[in-house]
Amino acid sequence: MSESVTVVDHPLVQHKLALLRDKRTGSKDFRELMAEVSMLMAYEATRDLELQEVTVETPVSPARVRILAGKKLALVAILRAGLVMVDGILRLIPAAKVGHIGLYRDPKSLNPVEYYAKLPEDIGFRRTFLTDPMLATGGSAVKAIDILKAHGAGQIKLMNIIAAPEGIERVQKAHPDVEIVVGAIDERLNEKGYIVPGLGDAGDRIYGTK
Ligand code: PRP
Ligand code: URA
C-alpha cells in the first residue's frame with residue numbers, strides 16, 4: 001500500500017469496527033461507535049500537527065510546554081454519513097471550523113450528485129480533514145476534494161472508516177497530494193457498488209432510514 005494511505009489498526013478501532021459491521025447493531029449504538037472510531041482515527045490523522053514551545057506557570061514553577069502551532073484546522077463532512085464522524089472529532093478538536101458538502105450517489109450510475117456546499121471562508125489557510133465513513137467507488141470523495149480545492153483548500157486529509165481498494169486507487173489517481181486515513185481496507189465492491197464485506201449503507205444505518 002502506498003505511503004499516502006494509513007490504516008489505523010489500533011485494537012480499539014478494530015474492536016469497534018467489528019461492532020459497526022454487525023448487522024444487529026442498531027442506530028443509536030451505530031452512531032456512537034462511528035463517533036468513537038472517528039475520534040480514535042483523528043488521534044492518528046493529527047499526529048503530524050506542528051507544535052510550538054511556550055512557558056506556563058505551574059503551581060510550583062515555570063514549565064516549558066508544547067502547544068499546537070501553525071495552521072488552524074477545518075473538518076468537512078460529506079453529507080449525510082460524514083456528519084457523525086465530524087461530531088466525534090469535534091470532541092477532540094473543539095476549535096476546528098466545520099464545513100459541509102452535500103453529495104449523494106445516483107443508485108444507477110453510481111456517480112455523485114452535488115446538492116450543497118458550505119465551507120469555512122478561510123479554508124485556504126487551514127489544514128482540512130474530509131470525512132466520509134465509506135470510500136466505495138471513490139466518486140464522492142474525488143468530487144468533494146474537487147470542491148474543496150475549488151474553494152482554495154490545500155492541505156487535505158481524507159478520513160474513511162472503511163475503504164475499498166477501487167476507491168483508494170481512484171482518489172490517489174485524481175488527487176495524489178491527498179493523504180488517506182482509514183480504519184480498514186476491505187476486499188472489493190459488489191455489482192451494486194457496495195463494499196464487501198463493508199457495513200451496508202452507512203447513512204441508512206446512522207439515521208434508520210431503511
Ligand atoms: C455513501 C457514503 C459515501 C458514498 C460512497 O453516501 O456515505 O458518500 O456513498 O460511495 P462512492 O465512493 O461510490 O461515491 P450516499 O451516496 O449513500 O449518500 P447518503 O450519505 O446521503 O446516504
Ligand atoms: N455507500 C455506503 O454507505 N456503503 C457502501 O458499501 C458503499 C457506498
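The values are calculated or read from the model by the stated rules, or taken from the named source; none is laboratory data. Computed from a predicted structure; not experimentally measured. Ideal geometry is used to build each Cβ from the backbone, glycine not excepted, and the neighbour counts take in all protein chains shown. To get the accessible areas, we keep the full protein, side chains included, count just its heavy atoms, and leave off ligands, DNA and RNA. Shrake-Rupley method; radii C 1.70, N 1.55, O 1.52, S 1.80 Å.
What to note about this one:
- Electrostatic bookkeeping for Glu114 treats Lys and Arg as +1 and Asp and Glu as -1; over the other residues with beta carbon under 13 Å from its beta carbon, the sum is +1.
- Scattering from the stretch 83-187 was approximated by placing one identical point on each alpha carbon and applying the Debye formula without solvent; log10 I(q)/I(0) at 0.09, 0.19, 0.23, 0.25 1/Å stands at -0.21, -0.98, -1.43, -1.61.
- Largest mean-square fluctuation among Gly167, Gly200, Gly70, in a Gaussian network model of the chain whose springs join Cα atoms under 10 Å apart, belongs to Gly70.
- Global form of the stretch 127-210, assessed from the alpha-carbon gyration tensor, a/c cut-off 1.5: prolate
- Derived scalar couplings ³J(HN,Hα) [the stretch 86-98; Karplus, 6.51 cos²θ - 1.76 cosθ + 1.60; whole Hz; x for Gly, Pro]: 4, 4, x, 5, 4, 5, 8, 10, x, 7, 5, 7, 10
- Of Thr131, Thr58, Thr46, the one that fluctuates the most in a GNM where the chain has Cα springs shorter than 10 Å: Thr58
- For the chain, the share of accessible area belonging to carbon and sulfur comes to 54 percent (1.4 Å probe, ligands and nucleic acids excluded).
- Projected onto planes of every orientation and averaged, the convex hull of the alpha-carbon atoms in the stretch 111-159 covers 3.4 nm².
- Quotient of the Cα radius of gyration of the stretch 73-130 and 2.2 N^0.38 Å, N being its number of residues: 1.21.
- Size descriptor, Kirkwood hydrodynamic radius, that averages inverse alpha-carbon separations across the stretch 161-210, Å: 12.0 Å
- In Hz, Karplus ³J(HN,Hα) per residue of the stretch 135-144 (6.51, -1.76, 1.60; θ = phi - 60°; x = Gly, Pro): 10, 9, 6, x, x, 5, 5, 4, 5, 5
- Built amide H within the under 5 Å cut-off of Val98, gap 5+: Leu75
- Within straight-line cross-link reach of Lys71, aspartates and glutamates at Cα separation under 13 Å, skipping those fewer than 8 residues along the same chain: Asp48, Glu50, Asp122
- Within a Gaussian network of the chain (alpha carbon springs, distance under 10 Å), most fluctuating of Val181, Val76, Val56: Val56
- Set against the 2.2 N^0.38 Å expectation for a compact globular protein, the stretch 1-115 has a Cα radius of gyration ratio of 1.37.
- Kirkwood radius and radius of gyration were both taken over the C-alpha atoms of the chain, and their ratio Rg/Rh is 1.00.
- Size descriptor, Kirkwood hydrodynamic radius, that averages inverse alpha-carbon separations across the stretch 34-75, Å: 12.6 Å
- 13 Å beta-carbon shell around Ala45, net charge (K/R +1, D/E -1): 0
- Whole-number accessible area per residue in Å² for the chain, which is evaluated in the context of all protein chains at 1.4 Å: 53 Å²
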